[in-house]
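Peer 1: The structure is given below, and queries will be raised subsequently.
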Amino acid sequence: MNILRFLFGGCFLFFAVQVQAQIGRKPITPDLNGQPTTPNFQKTVTPGSNPTAPAENSANSTAQPAPQPIIIQQNSDKKEIVINKPKKGDLLIEGLAQISFGDDPWMIKFDDIKLRLFNENNRVYRVRGIINTTTENRTFEEFRGQVVEVKITDQDIHGALGVEFHLKSKNKHVSPYYGAEVMLIMRTQGIKGTNTDDGRTYKLQYSYNETISRTGIYAGGFAGLDYYLNSDFYIGTEIQAGFSALNIRNSGKSVSVGNGLVSQVGLYSGNELSLRFNYSPGIRIGYKF
């Protein structure tokens, strides 16, 4: 009985294996519901890049920063000069520099000292003073070889009060102005010669003397220009025109021998009214406090 069961079981197992071999395996079909009919080959786009650009361009844009604008910088050594022209309350002092080409070449002297006070930004009160003394020695030689020595002395004392009105200028260096002033004039010229009777002709032990004095007032207008080198220093020039009324006294030409007077001629005393035109005979150099 057991043998029959074993044989029957073996036959059934063999039959089942043959049937499985003939039927084969059924392929497994994936569930494609909700998927596109064509493959999607798009890559993930980095935020901020161009989604329509090719993939390699997008990668380059993310790897390299955006180009910066070119900035052209001015050379720091070339700095602009800042000039602050005088304003209300500023005080300026200046002098007139003159170059002498006489016996002492290139000698520079200062006279015509001036103080300028800015009462307003464009209105200036000024005080001007001139104290100038010059001495010149001359030597004359006659045809006979005799020598005449002459000494000439000039002394000027001037004092003036005036007002200036400064004009606006687009040039930061330039300050043009005009105005008027009144001046007191005192000038004396003395001539003294030795071994002469007229200042030129030789005459042994004779002395020659002459003194001319001029005193009076001057009133007129002026126009000038200041050129500022920086906020403190400036140079300039000025022209003047006006009337002067002077009293002139001439001691005459006196000739003496020792203490004795030989002759005296040309005494003169009188008044003179004249129109005068002047200009700065040098360069005005000034400083702002």
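Peer 1: Counting other C-beta atoms within 10 Å, and keeping those with at most 11, which DSSP coil chymotrypsin sites (Phe, Trp or Tyr not before Pro) do you find in region 104-195?
Peer 2: Trp106, Phe143
Peer 1: So if each residue of separation counts as 0.36 nm, and I subtract the Cα-Cα distance between Ile81 and Asn209, what length gain in nm does that give?
Peer 2: 40.3 nm
Peer 1: Quick check: net charge around Asp197, other residues with Cβ under 10 Å of its Cβ, Lys/Arg +1 and Asp/Glu -1?
Peer 2: The answer is +2.
Peer 1: While we're here: Please list, ordered by chain and number, the residues whose modelled amide H lies under 5 Å from the amide H of Lys203; skip anything fewer than 5 residues away on the same chain.
Peer 2: Hits under the 5 Å cutoff: Thr196, Asp197.
Peer 1: Then there's this: Say a paramagnetic label sat at a point 7 Å from the Cα of Thr188, along Cα to Cβ; which residues of region 244-264 have their backbone N under 18 Å from it?
Peer 2: 247-254
Peer 1: Now a separate question. Would you mind counting up the charge near Ser169? Only other residues with Cβ under 11 Å from its Cβ, with Lys and Arg at +1 and Asp and Glu at -1.
Peer 2: Local charge sum for Ser169: +3.
Peer 1: Sticking with this structure for a sec: What pairs in Lys88/Lys168; Lys114/Lys288; Lys114/Lys172 have C-alpha atoms more than 21 Å from each other?
Peer 2: Lys114/Lys172
Peer 1: How much length is gained on full extension from Asn278 to Ile152, taking 0.36 nm per residue of separation minus their Cα-Cα distance?
Peer 2: Length gained, Asn278 through Ile152: 43.0 nm.
Peer 1: Tell me, what is the percent relative contact order of region 91-288, built from C-alpha pairs under 8 Å that lie six or more residues apart?
Peer 2: Averaging sequence separation for qualifying contacts and normalising by length gives 18 percent for region 91-288.
Peer 1: Highest mean first, how do 149-157, 275-283 rank when packing is the count of other Cβ atoms within 10 Å averaged over residues?
Peer 2: 149-157, 275-283
Where a number appears in this text, it was derived from the coordinates with a stated rule and is not lab data. These numbers were taken from a predicted model, which means no experiment stands behind them. We place every Cβ from the backbone using ideal geometry, glycine too, and count neighbours over all the protein chains shown.
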